[in-house]
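Before any comments, here is the structure.
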Amino acid sequence: MDLKIKHAAEIIKKIEYINIASITPEGLPWNTPVYTAFDKDLNFYWFSWKKNQHSINVRNNPNVFVTIYDSTVPAGTGTGIYFEGGARELTNPKEMIVGITAGYKRSKHKVRAAREFLKSFPRRVYRFTPEKAWINGDTDIDGNYIDIREELSLNNIKKVINARFAR
């Protein structure tokens with residue numbers, strides 16, 4: 001398996017926060033870090049207050065861009081994973097349970113019931129499904145360093161991630 005795919009999978013497994021870039025109803029950019037968990041299909045889940053700006057944005061426009069990276073590494077040594085895809089608020093309890101279980105398992109907290117994310121409760125469960133993925137890299141143009149994005153196979157990332165779930 002490609003080393004970049006393996007490195008991307010390591011970052012996804014290690015980093016517990018994603019940054020969600022969304023668009024406000026007024027067309028303005030909005031970026032939000034959220035604690036996340038993922039499933040074997042590489043769907044990412046988070047819980048947020050239904051009135052948070054990013055929650056409103058996702059309900060208004062499901063097209064989002066997500067990044068994952070380790071911000072603690074020295075300058076020039078970091079690797080970022082970039083995803084384009086769709087996000088939505090989950091309302092089907094069966095779908096919600098997958099995200100709730102993943103989130104609380106990762107955070108090592110007691111799993112809450114799906115009903116605690118519906119109706120008058122303030123928080124909701126959200127799911128991001130990537131459609132494309134990239135990893136950062138570098139090259140040069142006429143001796144000048146530039147950073148680039150290299151597209152990755154989502155299916156190959158899933159294969160490496162699923163090796164984790166098989167253990």
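The values are calculated or read from the model by the stated rules, or taken from the named source; none is laboratory data. Because the structure is predicted, anything quoted here is derived from the model rather than measured. Cβ placement follows ideal geometry from the backbone for every residue including glycine, while neighbour counts extend to all protein chains displayed.
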Pairs under 8 Å by beta carbon, first residue outside any helix (DSSP H, G or I) in region 88-104, partner hydroxyl-bearing (Ser, Thr, Tyr) and modelled with pLDDT of 95 or more, six or more apart or different chains?
Arg88/Tyr126; Glu89/Ser55; Glu89/Tyr126; Leu90/Tyr126
Tell me yes or no: at least one residue of region 134-149 is surrounded by 11 or more Cβ atoms within 10 Å (Cβ to Cβ) and closer than 16 Å to Asn43 by Cβ.
no
Considering only region 85-108, I want to know if a residue exists there that is farther than 17 Å from Phe38 by Cα, out of contact with any helix residue (DSSP H, G or I) (no Cβ under 8 Å at 6 or more places or on another chain) and modelled with pLDDT of 95 or more.
yes
Of residues in region 28-47 being in a loop (DSSP other than H, G, I, E, B) and in contact with a strand residue (DSSP E or B) (Cβ under 9 Å, 6 or more places away or on another chain), the one surrounded by the most Cβ atoms within 10 Å (Cβ to Cβ):
Thr36
Here are the criteria: (1) surrounded by 13 or more Cβ atoms within 10 Å (Cβ to Cβ); (2) polar (S, T, N, Q); (3) within 21 Å of Trp49 (Cα to Cα). Tell me which single one Ser120 does not satisfy.
(1)
Quick test of your reading of the structure: Thr129 fulfils all but one of (1) closer than 14 Å to Phe83 by Cα; (2) assigned to a helix (DSSP H, G or I). Name the failing condition by number.
(2)
Consider Thr24 carefully, then state whether it is farther than 26 Å from Ser153 by Cα, in contact with a Leu (Cβ under 8 Å, 6 or more places away or on another chain) and not small (Gly, Ala, Ser).
no
Considering residues that are under 16 Å from the mean Cα position of the chain (by Cα) and over 14 Å from Arg88 (Cα atoms), the number found within region 112-129 is 0
Does region 51-64 contain any residue that is within 14 Å of the chain's Cα centre (by Cα), touching a residue at least 24 places away in the same chain (Cβ under 8 Å), crowded, with 16+ Cβ neighbours inside 10 Å and assigned to a strand (DSSP E or B)?
yes
Output the residues belonging to region 68-85 that are over 12 Å from Phe128 (Cα atoms), of a type outside the set (D, E, K, R) and under 17 Å from the mean Cα position of the chain (by Cα).
Ile68, Tyr69, Ser71, Thr79, Gly80, Ile81, Tyr82
Residues of region 65-92 being loosely packed, with under 15 Cβ neighbours inside 10 Å and more than 26 Å from Gly27 (Cα to Cα), which ones?
Asp70, Ser71, Thr72, Val73, Pro74, Ala75, Gly76, Thr77, Gly78, Asn92
